[in-house]
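First comes the structure, then the notes that go with it.
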Amino acid sequence: MKALFFTEFGNSSVLKYGEVADPKISQSELLVKPDYIGLNFADIYRRRGNYHIEQHDPYINGYEAAGTVVEIGNQVKNWQVGDRVLFVDVPLANAELVAVPVDNAIKLPAKISTKLAATIGLQGLTADFLAHDLALNKSGDQVFIHGISGGVGQLLSQILTADGIQVSGSVSTETKQQLAMKQGADHVYLRKPGWQRGLKATFDTVFDGVGSTLQLSLKIAKRKGKVVFFGMAGGNPPRIDLLDVLGQSQTIATGDLWDYLTSAQERNQRSTRLFDYISRGVVQPSEPTIFPLSQGKRAHDFLESGQSMGKILLVPNENS
Ligand SMILES: NC(=O)c1ccc[n+]([C@@H]2O[C@H](COP(=O)([O-])OP(=O)(O)OC[C@H]3O[C@@H](n4cnc5c(N)ncnc54)[C@H](OP(=O)(O)O)[C@@H]3O)[C@@H](O)[C@H]2O)c1
């Protein structure tokens, strides 16, 4: 099969596309042929050597895809060849075939296409646990999302708005500002010089997946407010003095999606809740940007450039 791979950590030029050995499935695995593979910020951290990655020679990035089951292990029950599937936590996904442990496979309802599933999968399940396990806001609360028009940001903003929460956020361009407003945000700040002057310590929760903004997040969270820190898209966070946090009775909550997807039951319950927002029409993801898998370097460069608005998908060449 063909795969996007690398043999040393570094910038996007380490990525290569070519022939590697097909995976062999165990008795409790499905062999899946991805239609769409999700590119995530964690794939950038992994390529740079800053994040856990499955040991493999060569390294094959990617943990998320949606596609079709083409072979089934002997002990697998309740799955058939031809079933459509999403997975968000299975390694070696940047390839034409992936061995998926059956507990990690999420069966797709008829109304969810493989393209939509890959568009909302990992980022949507992230937005769901950030909102419903970490932030736990109530109707009428005010929250702020840094990078509100990013992949996680867009879905989080729409989920919170549907839950009755007032959402504000920040963006780098006017196009992103318009998109965030269209998706229901109350107030979207354009990050031009001095923009922070308009912000007061009024937010019940500040969602920070940017990292370098952590000090600002604590400043604009109110007394007894919460900062949900979940990523470093803008660089590592500064060191925080916990005495300052204590002085404001604030909470810093953190979390990794994988700690919220530890069983088949959890994956199914959480994806059902996510798909329900889609079926009700209250979460409408923007169109993904699609690259052929063979053009993985271009896709990494695009994600790292900060130009993207929403999901980036890779398609194995024969589908592109
Ligand atoms: N904890 C978890 O389990 C988990 C799971 C998935 C993702 N994540 C994290 O979530 C974050 C977002 O991921 P994503 O897939 O949504 O990526 P994305 O689509 O690239 O979005 C990242 C956003 O960050 C904003 N940003 C970048 N640098 C910034 C800066 N210096 N100041 C303010 N905003 C900045 C960008 O918005 P502007 O263009 O407006 O600057 C961009 O829209 C990443 O840190 C990722 O690692 C965490």
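Hey, can you list the DSSP H helices of the chain whose Cα span along the axis is 20 Å or longer and whose average Kyte-Doolittle score is at least 0.0?
Working: long enough: 114-129 (22 Å, 0.64); 264-279 (22 Å, -1.36).
Taking the DSSP H segments of the chain (at least 20 Å long, mean hydropathy at least 0.0), we get 114-129.
For segment 1-107, what are the per-bin percents of Cα-Cα distances with bins 10 Å wide, up to the bin holding the maximum?
Spelled out per bin, shortest first, that is 16, 48, 28, 8, 0.
Please check the chain for the longest run free of trypsin sites (Lys or Arg not before Pro) that are loop-located per DSSP (anything but H, G, I, E, B) and have at most 12 other Cβ atoms within 10 Å. Walk me through the intermediate numbers first.
Working: sites that count: Lys24, Lys77, Lys111, Lys138, Lys200, Arg239, Arg280.
Between the exposed loop sites, the longest stretch runs 139-199.
Going by amide H atoms built from the backbone, whose H comes under 5 Å of the H on Gln284, apart from near neighbours?
Sorted by chain and number, the residues that satisfy this come to none at all.
Run through all the Cα pairs of the chain and give the fraction in each 20 Å bin from 0, expressed as whole percent.
Per 20 Å bin, starting at 0, the Cα pair percentages come out as 33, 56, 11, 0.
Near the amide H of Lys226, under 5 Å away, which other amide H atoms are found, from residues 5 or more places off or on another chain, if H is placed in the peptide plane?
So Lys226 has HN proximity to Thr205, Val206, Thr251.
Which order do Asp256, Asp43 fall in if you start with the one that has the fewest other Cβ atoms within 10 Å? Kindly include the intermediate steps, with their values, before the conclusion.
Working: Asp256 13, Asp43 26.
Ascending Cβ contact count within 10 Å gives the list Asp256, Asp43.
Which three semi-axes in whole Å describe the equivalent ellipsoid of segment 139-255, each the square root of 5 times a Cα gyration tensor eigenvalue, listed largest first?
Working: eigenvalues 92, 49, 35 Å².
Values for segment 139-255, descending: 21, 16, 13 Å.
Averaging sequence separations of C-alpha pairs under 8 Å and six or more residues apart, then dividing by the length of segment 179-242, give the relative contact order as a whole percent. Before the final figure, lay out each step's value.
Numbers: 83 pairs, mean separation 19.3, N = 64.
Answer for segment 179-242 is 30 percent.
Once you keep just the Cα pairs under 8 angstrom separated by 6 or more residues, what percentage relative contact order results for the chain?
Working: 690 pairs, mean separation 56.9, N = 320.
Averaging sequence separation for qualifying contacts and normalising by length gives 18 percent for the chain.
Which semi-axes, in whole Å and largest first, does the equivalent ellipsoid of segment 211-275 have when worked out from the alpha carbon gyration tensor as the square roots of 5 times its eigenvalues? Before the final figure, lay out each step's value.
On the way: eigenvalues 169, 40, 21 Å².
Semi-axes from the Cα gyration tensor: 29, 14, 10 Å.
If you average the sequence gap of Cα pairs under 8 Å that are 6 or more apart and divide by the length of segment 139-255, what percent do you get for the contact order? Let's see the in-between values first.
Values: 235 pairs, mean separation 25.1, N = 117.
Once divided by the residue count of segment 139-255, the mean separation gives 21 percent.
Values in this text are rule-based calculations from the coordinates and carry no lab data. Not measured: the values here are computed from a predicted model. Positions of Cβ are generated from backbone atoms using ideal geometry, with glycine treated the same way; all protein chains shown enter the neighbour counts.
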